[in-house]
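Worksheet: one structure, shown below.
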Amino acid sequence: MAGMSSEVCEKCGCELLPLNPEWGDGGDTPIEVPPGYIPCGVIDTGLVVRLVCEECYHAGKLESFSKEELYALHYAFGLEYQLLGRYVESVTAYRKALGVQVSVDVLVLAAEVEGMLGHSQEQEAHYKRALEVDPNDVLARRGLSGVYRNQGRYEEALKLLDRDIAQIGPTPDLMMERAELLFRLGRHDAAMLAFQTAKAAVNTDEDRDHFDRLWSRLAG
């Protein structure tokens, strides 16, 4: 851990063990932590590492923190709870962070967690807000495109995907996604062309077979 850390909560003095990357990276599956683990927020100021346990965090013992540190603390608890699979608390922390400072990073993370909770409207709203802040943010645009695709709003998803292709380039995965959207829109010739472009861009038989299977499932 960078900086100096006593590894105790600076408010109540309880002993803390910050999350270890070797425990896992979360994703859709909560990480496993040692018995008795106490969630905490970590703020690295560059000179010192400040830790706050969740009990003090929820008790609102935050008077000594600057605006920037409060944002970082809420952000840290949002990540902590997301990794632990405590998604409602994660969203709450992300919303508190956004109440201090609006950032694309937190908006995208909040959208991801809202999706895990099945809150598609909130997820869509966060992605849209992120794109208002930065219209070129690929993660937000990819996320919103996925929301539209899941809702059957294929034309809207395709418009966002085409912006991704213009910004990133016609990668095989993006072109295969384009093939799917075009097919679902009934534009079968254009879908076949996108599929052929995707398949021609991969370098291994395994990848080509994978795309063939995707196309077969799509085309029935």
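Looking at the structure I just gave you, is Leu144 at pLDDT 95 or above, touching a Lys or Arg at 6+ places or on another chain (Cβ under 7 Å) and not small (Gly, Ala, Ser)? Yes. A Cβ distance below 9 Å, combined with a sequence gap of six or more or placement on separate chains, defines the contacts here; from region 197-220, residues that are of a type in the set (Val, Ile, Thr) reach residues that are surrounded by 12 or more Cβ atoms within 10 Å (Cβ to Cβ) and outside any helix (DSSP H, G or I) in the pairs Thr197/Pro170. Residues that are on the phi > 0 side of the Ramachandran plot and modelled with pLDDT of 90 or more within region 39-74 comprise just one, Gly60.
The values are calculated or read from the model by the stated rules, or taken from the named source; none is laboratory data. Treat the numbers as computed from the prediction; the structure is a model and nothing was measured. All Cβ positions, glycine included, derive from the backbone under ideal geometry; neighbour counts span all protein chains shown.
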